[in-house]
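Chemist: Before I ask anything, here is the structure I am working with.
The values are calculated or read from the model by the stated rules, or taken from the named source; none is laboratory data. Predicted, not measured: the structure shown is a model, and the values here were computed from it. Heads up, the Cβs are rebuilt from the backbone with ideal geometry, glycines too, and the neighbour counts pull from every protein chain shown. Note: areas computed on protein heavy atoms with side chains; ligands, DNA, RNA excluded. Shrake-Rupley method; radii C 1.70, N 1.55, O 1.52, S 1.80 Å.
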Amino acid sequence: MSATGTHILVVDDDPAICRILSATLTRAGHTVVVATDCASALEQLEFNEFDVVLSDIRMPGRDGLRLLSELRTLAPETPFIVVTAYADVETLIACVRGGAYDVVEKPLHLSALTAAVDRALEKRRAAVEAHAPPRGMAFTETSDPAVLANHIVGVVRQDLDADTASLMLLNDLGQLVIAGAHGLSDELVAQTTVALGEGVAGRVAADRKPALIQARGPVDPRFADLVGRRRTRSSVVYPLVVGTRLLGVLSVGRHGANRPFRQRELQRMSLLAMGVALAVDNLRLTREMAAQERLAAIGQLAAGVAHEINNPVTWVLASLKGMTEELDALQADDPVARSRAVGNVAEMLTDATEGAQRIREIVRDMRSLSRTDAALDQRFDINDAVHAAMRICTPALREAGARVQLQLGDDVEVLGSVGRMSQVVINLVTNAAHAVEGLEPSRRQITVRTCRQGDRVLVEVGDRGRGIAPHHVRRVFQPFFSTKAEGQGTGLGLSICQELVRRHGGVITVDSEVDVGTRFQVHLAAADPEVSALPLPHMPPGAELALSLAG
């Protein structure tokens, strides 16, 4: 291990020994701090990070074995080398039991000393690497902001062995609010709002520099006026920044007898903060792109729907014009003419009414699709979502020359949002239309099926299209993954479908074979389960959403 940047604490009540050890280790490239008794050594260990501790055993006051015991609490990962002139069997046994890494006897052989230090540093390096957060650590368990925020603080708290942890994010007003917390009261979480430059978190966010705070350690000038308000023994507060954009602040704290944080934890926090910042920003980007794709899809659908509305609008206008023309006949003296006119007007009224109802259904479908605040506790027939989706998908199906066979079952009510489930079916049917486009007519068949399975409701969309390659099947639900040509979609459609299905308490699965076809199945809980539950199918490995916390 390179000596560059290594810090060694030498503890000995003999000034001459301290000078020899310090000079030897300094020449080897180490930074050396000297303590002449256990009390000053403990003060150094309380607030500073050392890679190795070398200590005599017999010293006035607390001896080296007591120091070794306290080091195991303060910095259990730091190797402790005993330097002693009393290497009897009892002393050696006590040192080993106490957790000492090595023993160097006096009078000193400097080559043996430096070799022991090198071995200890290598042990230290291996221990740090073994416990380092994995490279590219991501927080991707869910796209629900609250759930993911609490997942993040749980991971960070456990990784840093903290008593409390919190994730604060900027709100629309530029204030820090707690998005997730562990060890803090719900009341505190709900009431806490911090302006930039206010308190520790606000000042760390404002200057974008991390802070390592000790209750009894040196005072960071930034927080000099807050000394009396410290409630934790130590804390690490780290700004979350991506590029030039501030996202929030990540904090952990330790209380009571728990050992204080030191530089090693601050460095570790920097790796965790990188993963958290990327997660926060990725979900913001994903949700923005999802919203853009949603608007683009609505725009494309609106163009197709305009064509669909033309027919019923034509019926209404033609009927109104015809009824206007029949007004004279209704006032004629000829009973036969009046009777004929009444019949014509009645027929035209029926056509106009049907046309208006058709327009209303299309508008309702579009409104359901475009709503972003739909409640998920409405009871509805899943077939209504299918019918609404089919009305919206008509232009895409016509363009692809696809034929749809509906096989809709009975007793398929679920709880949720009919508009949201319509969006899922629209996406699946549109994808199926793209999959069969350009194939021979016999393969341009799409089947949409619903049925009751125990206390579950199944929605299935299948096609006889080109299919999906096996190595792509495992990735189809990942955001931004697409097998379409560049510029044709963002690759978010199926990940959005999966998230919408998840919010309805269900799962979506895919089964596909190249040149045979693809089948997507959505499994939802029925609104009125009366029989024992059938297990939901497992998602294929690698198909989980890779979304992160929203800003």
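Chemist: Can you tell me which residue in region 72-85 is most open to solvent (accessible area, probe 1.4 Å), limited to those that are at pLDDT below 80 and among the hydrophobic types (A, V, I, L, M, F, W, C)?
Modeler: Here the residue is Ala85.
Chemist: What are the residues in region 421-460 that are under 11 Å from Ile382 (Cα atoms) and not in a strand (DSSP E or B), if any?
Modeler: Met421, Ser422, Val425
Chemist: Quick one: would you say Ser40 is closer than 14 Å to Asp13 by Cβ and either surrounded by 19 or more Cβ atoms within 10 Å (Cβ to Cβ) or at pLDDT 80 or above (or both)?
Modeler: Considered against the rule, which asks whether it is closer than 14 Å to Asp13 by Cβ and either surrounded by 19 or more Cβ atoms within 10 Å (Cβ to Cβ) or at pLDDT 80 or above (or both), Ser40 comes out as yes.
Chemist: Given (1) under 20 Å from Leu272 (Cα atoms); (2) surrounded by fewer than 17 Cβ atoms within 10 Å (Cβ to Cβ); (3) modelled with pLDDT of 90 or more, where does Ala165 come up short, assuming only one miss?
Modeler: Only one criterion is unmet by Ala165, namely (2).
Chemist: Within region 10-29, count every residue that is touching a Leu at 6+ places or on another chain (Cβ under 9 Å) and either open to solvent by less than 40 Å² (accessible area, probe 1.4 Å) or hydroxyl-bearing (Ser, Thr, Tyr) (or both).
Modeler: 7
Chemist: Out of all the residues in region 20-42, which are part of a helix (DSSP H, G or I) and aliphatic (A, V, I, L, M)?
Modeler: Once the filter is applied, which keeps residues that are part of a helix (DSSP H, G or I) and aliphatic (A, V, I, L, M), region 20-42 yields Ile20, Leu21, Ala23, Leu25, Ala39, Ala41, Leu42.
Chemist: Let me ask you something else. I'm told Leu283 meets every condition in (1) more than 35 Å from the chain's Cα centre (by Cα); (2) open to solvent by less than 40 Å² (accessible area, probe 1.4 Å); (3) at pLDDT below 80 except one. Can you identify the failing condition by its number?
Modeler: So the condition that Leu283 fails would be (1).
Chemist: Moving on. For Leu196, all conditions in the list (1) of a type outside the set (Ser, Thr, Tyr); (2) open to solvent by less than 20 Å² (accessible area, probe 1.4 Å); (3) at pLDDT 90 or above; (4) not in a helix (DSSP H, G or I) hold save one; what is the number of the exception?
Modeler: Every listed condition holds for Leu196 apart from (2).
Chemist: Could you please let me know if Val412 is under 25 Å from Val476 (Cα atoms) and modelled with pLDDT of 85 or more?
Modeler: no
Chemist: Further, regarding this structure: Return the pair list, or none, for Cβ contacts closer than 8 Å from residues in region 419-439 that are within 16 Å of Arg519 (Cβ to Cβ) and in contact (Cβ under 8 Å) with a residue 40 or more places away in the chain to residues that are basic (Lys, Arg) and open to solvent by 30 Å² or more (accessible area, probe 1.4 Å), at least 6 apart or on different chains.
Modeler: Listed by first residue and then by second, the contacts come to His434/Lys484; Ala435/Arg466.
Chemist: Restricting attention to region 43-62, which residues are open to solvent by 60 Å² or more (accessible area, probe 1.4 Å) and outside any helix (DSSP H, G or I)?
Modeler: Listed by number, the residues that qualify are Asn48, Arg58, Pro60, Gly61, Arg62.
Chemist: Follow-up question, since we're still on this one. Restricting to region 97-113, name every residue that is assigned to a helix (DSSP H, G or I) and either open to solvent by 40 Å² or more (accessible area, probe 1.4 Å) or small (Gly, Ala, Ser) (or both).
Modeler: Correct list: Arg97, Gly98, Leu110, Ser111, Ala112.
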